[in-house]
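Okay, so here's the structure we're looking at.
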Amino acid sequence: MRRKTLDLLLNWVGVVLTVSFIVGGIGMLIGYSFTSNQVKSQLVEQKVFFPKSGERDYQDLVKANLTQYAGKQVLTGSEAQIFADKIIAVDTLAISGGKTYAELSAASLAAPSNKGLANQVELVFRGDTLRGLLLNAYAFGFIGVIALYGGIGMFIAALLMLVLTLFGVRHYKQTDPADIV
């Protein structure tokens, strides 16, 4: 095979890879944007706010050294995780006395006339449900962040491949047509 033919082939591979990395990077940035917007719009609709200073749950923020969130609306996946783990989980654990919803529910079914236990079951169920929804927002927000970093990586790879392809084009122009590999 002639050297110029090999160089030309490698240059076209570089062009195809560069374009593929750019398209992949754009796709990942679109994925990040879509995921972030969906998480934010869903959290805005839920109207979940961190407790303000002086509210009962504010002490949970103080214990977790997260007072900078006091009074702020939960709008991102990471904020949803903090609210779920530092507010709701603490409250449901206190309400349930360390028991799971399944344990409380089974106890309530065994004692149907115990209204206090039935109320406890309902509160824990609501807390666990909201916690699960917020942790889903966190998971999708995290996936979006991974897509953002993947997109940045794709653009860096495209830039690197472009530079290598340009070096290949330069080499192609300098190669003697009679050279054989």
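The values are calculated or read from the model by the stated rules, or taken from the named source; none is laboratory data. Note that the structure is predicted; figures quoted are calculated from it, not measured. Please note: Cβ atoms are built from the backbone with ideal geometry, for glycine as well, and neighbour counts cover all protein chains shown.
Count of the stretch 68-95 residues, restricted to those that are within 26 Å of A118 (Cβ to Cβ) and surrounded by fewer than 19 Cβ atoms within 10 Å (Cβ to Cβ), is 6.
Restricting attention to the stretch 66-104, the residues being over 19 Å from Y138 (Cβ atoms) and not aliphatic (A, V, I, L, M) number 9. Would you check if there is a residue in the stretch 129-143 being free of Cβ contacts under 8 Å to residues at least 12 places away in the same chain, within 30 Å of the chain's Cα centre (by Cα) and more than 18 Å from V48 (Cβ to Cβ)? Scanning the stretch 129-143 turns up no residue that is free of Cβ contacts under 8 Å to residues at least 12 places away in the same chain, within 30 Å of the chain's Cα centre (by Cα) and more than 18 Å from V48 (Cβ to Cβ). Check whether at least one residue in the stretch 32-40 is more than 30 Å from L159 (Cα to Cα), part of a loop (DSSP other than H, G, I, E, B) and either at pLDDT 90 or above or touching a Leu at 6+ places or on another chain (Cβ under 6 Å) (or both), and report yes or no. Scanning the stretch 32-40, I find no residue that is more than 30 Å from L159 (Cα to Cα), part of a loop (DSSP other than H, G, I, E, B) and either at pLDDT 90 or above or touching a Leu at 6+ places or on another chain (Cβ under 6 Å) (or both), so the answer is no.
Quick one: in the stretch 16-39, which of the residues that are over 18 Å from the mean Cα position of the chain (by Cα) and surrounded by 15 or more Cβ atoms within 10 Å (Cβ to Cβ) is farthest from V163 (Cα to Cα)? Filtering first and then ranking leaves G24. Within the stretch 80-97, being small (G, A, S) and within 23 Å of the chain's Cα centre (by Cα) holds for A80, A84, A89.
Applying the criterion of being buried (at least 17 other Cβ atoms within 10 Å of the Cβ) and hydroxyl-bearing (S, T, Y) to the residues of the stretch 131-171, the residue that is farthest from K4 (Cα to Cα) is Y138.
Selection within the stretch 64-79: residues that are within 22 Å of the chain's Cα centre (by Cα), part of a helix (DSSP H, G or I) and closer than 16 Å to K52 by Cα. The member of this set that is modelled with the highest pLDDT is E79.
The lone criterion from (1) modelled with pLDDT of 90 or more; (2) at positive phi left unmet by G54 is number (1). Between V39, V23, the distinction of being more than 30 Å from A178 (Cβ to Cβ) and in contact (Cβ under 8 Å) with a residue 12 or more places away in the chain belongs to V39 only. All of S113, S105, S96 fail the test of being more than 25 Å from G31 (Cα to Cα), among the small types (G, A, S) and touching a Phe, Trp or Tyr at 6+ places or on another chain (Cβ under 9 Å), apart from S105.
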